[in-house]
């Protein structure tokens, strides 16, 4: 996901140029100081809702398209659309998850019930396929700005789009393809029947301008749409190897592991990365 931030060579330069110097004290000035992030969270949600009401999922082409007569808007497919509440940087957001299929981790021929790990926690490392687009209007998407069609691992602390952590909790992984005799496939690692869907993520849960690292991103403060497939995940991921799942180190239970600090001797290290907690 980090490569999303560097999709254009010019963005490498803009990361430097977007900062301006204050003539009085020669310090960097935040170019987004005028952004009201509470108001932006509300307007972002309104924009996503408009998009959901004006577009539909076309199963034949596996794509989101502008609504036409005879089709059902994404918003109206209540059995497939789930709304997940999330909180980040002291602001509340809503993430919309359109579930095409939940996923089946049990090989119908060689698997058993023990292969079903359930759904990943917010903090679990995930192995996924994806493609991302920005939502430009109620009926327009950008071209794909990043994608991976073979599978890539992402861990919680390296996720640039925090909304993924919440979105993938609605899916299950798939199962490994095997030889006809049930042995490990002699070829590329291939997952079948993974959970598949579409994530609609507000800017505050992606490249928010609250984070200075995003100032030079082409996607700063934009709502995003991701077509995703969950191939596998590490259940009870323990990021600091302290024997405790990171999901249990979310002290305030808000789904944000970056704001829990219990060790006064290491005030800048969140609990899920602190092996002494």
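Per-structure values
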| read-out | value |
| --- | --- |
| Some residue of the stretch 262-276 being under 16 Å from residue 126 (Cβ atoms), surrounded by 16 or more Cβ atoms within 10 Å (Cβ to Cβ) and in contact with a strand residue (DSSP E or B) (Cβ under 9 Å, 6 or more places away or on another chain) | no |
| Residue match in the stretch 50-69 (condition: part of a helix (DSSP H, G or I), modelled with pLDDT of 95 or more, surrounded by 12 or more Cβ atoms within 10 Å (Cβ to Cβ) and touching a helix residue (DSSP H, G or I) at 6+ places or on another chain (Cβ under 6 Å)) | yes |
| Complete set of residues in the stretch 188-208 that are buried (at least 20 other Cβ atoms within 10 Å of the Cβ), at negative phi and part of a loop (DSSP other than H, G, I, E, B) | 194, 202, 206, 207, 208 |
| Condition met for residue 131 (within 30 Å of residue 43 (Cβ to Cβ) and in a strand (DSSP E or B)) | yes |
| Residues that are in contact with a strand residue (DSSP E or B) (Cβ under 9 Å, 6 or more places away or on another chain) and touching a residue at least 24 places away in the same chain (Cβ under 8 Å), drawn from the stretch 42-58 | 44, 45, 47, 48, 49, 51, 52, 54, 55, 57 |
| Residue within the stretch 102-122 that is assigned to a strand (DSSP E or B), at pLDDT 95 or above and surrounded by fewer than 18 Cβ atoms within 10 Å (Cβ to Cβ) present | no |
| Residues satisfying the stated conditions in the stretch 219-243, i.e. surrounded by 15 or more Cβ atoms within 10 Å (Cβ to Cβ) and either more than 27 Å from residue 172 (Cα to Cα) or out of contact with any helix residue (DSSP H, G or I) (no Cβ under 9 Å at 6 or more places or on another chain) (or both) | 219, 220, 221, 222, 227, 229, 231, 232, 234, 235 |
| Single residue of the stretch 151-182 satisfying the filter (in a strand (DSSP E or B) and in contact with a helix residue (DSSP H, G or I) (Cβ under 9 Å, 6 or more places away or on another chain)) that is surrounded by the most Cβ atoms within 10 Å (Cβ to Cβ) | 175 |
| Qualifying residue in the stretch 82-90 (condition: modelled with pLDDT of 95 or more and in a loop (DSSP other than H, G, I, E, B)) | no |
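The values are calculated or read from the model by the stated rules, or taken from the named source; none is laboratory data. Small disclaimer: the values here were computed from a predicted structure and weren't measured. Cβ sites come from the backbone with ideal geometry, for glycine too, and all protein chains shown count toward neighbours.
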